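Accompanying notes for the structure given below.
No lab work stands behind these numbers, since they all come straight from the coordinates. These numbers were taken from a predicted model, which means no experiment stands behind them. Using ideal geometry, Cβ is built from the backbone for each residue, glycine included, and neighbour counts are taken over all protein chains shown.
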Amino acid sequence: MLLVWLALLAPSEGRQLFEEKCLYCHSQTVIQSRRLRPSQWRGVVAKMQSRAPLLISRRDADGIVRYIVRELRLVPPRATPVAKATPEPEPEEPAEETPEPAPAPPPVATPAPTPPPAPVAEEDIEAETLAPQILEQRCSKCHTLFRVFTKLDAVSTAQATIERMRRKTGSGISAREADLLKRFVRSRAAH
């Protein structure tokens, strides 16, 4: 019974992604003040992913959108048909035209199911686990992590930047750590 309660209290994977990735740069109040359709949320998250591909992978983006739409329900309210009051009968007079009934509201589209995230390649598992720690320990000595995530946006430039930073005096980035960071960048760009 205790395990059931602990499982219920544990944050969902989507919530954890949302808190780690979205709340890294934005306040929860700002995000929760918006109501967008699922396709619009996908666009917003894709835009954020393009700005910080190391922070948000494609797999993360799917989980974030799913959490925002399904759990936070930050979507526009569904249109409900308004019941019209029955008018009182009027005395009969010859009518010139009969009014047309109001058109039915358009059907509400349900979001398409999101495909499961692609598995991480075995050779990238080590990079996925160790690279964030390396980024935090080594890169944040001189830069904010926000700057790191936004500057390492394209794989080719990111790899050149990692190598350039590794060669700087005092960076503390070993050749092995640089290799892990480069694999991490490639992995994030592929997901």
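For the reader, a short list of remarks on this structure follows.
- Cβ-defined net charge surrounding Gln137, 14 Å radius [Lys, Arg +1; Asp, Glu -1]: +2
- Available extension along the chain between Asp179 and Arg15 is 56.0 nm, counting 0.36 nm per residue and deducting the alpha carbon span.
- Förster radius 45 Å - calculated FRET efficiency between Lys168 and Arg73 (Cβ-Cβ, nearest 0.05): 0.45
- Distance between the 7 Å Cα→Cβ label points at Leu130 and Ser50: 3.4 nm.
- Contour minus Cα-Cα distance for Thr144 and Gln40 (0.36 nm per residue): 34.5 nm
- Volume per residue for the range 10-71 equals 80 cubic angstrom (convex hull of Cα atoms).
- Among the trypsin sites (Lys or Arg not before Pro) in the range 15-73, those located in a DSSP loop and surrounded by at most 13 other Cβ atoms within 10 Å of their own Cβ are Arg34, Arg35, Arg73.
- Taken about its Cα centre, the range 10-71 carries a charge dipole of roughly 320 debye when the Cβ of each Lys and Arg holds +1 and the Cβ of each Asp and Glu holds -1.
- Each of the peptides 124-134, 160-170 was scored by the mean count of other Cβ atoms within 10 Å over its residues; in descending order, highest first, they stand as 124-134, 160-170.
- A simple count of charges around Ile56, restricted to other residues whose Cβ falls under 12 Å of its Cβ and scoring Lys, Arg +1 and Asp, Glu -1, yields +2.
- Taking a ≥ b ≥ c as the square roots of the eigenvalues of the alpha-carbon gyration tensor, the range 126-191 is classed rounded because a/c is under 1.5.
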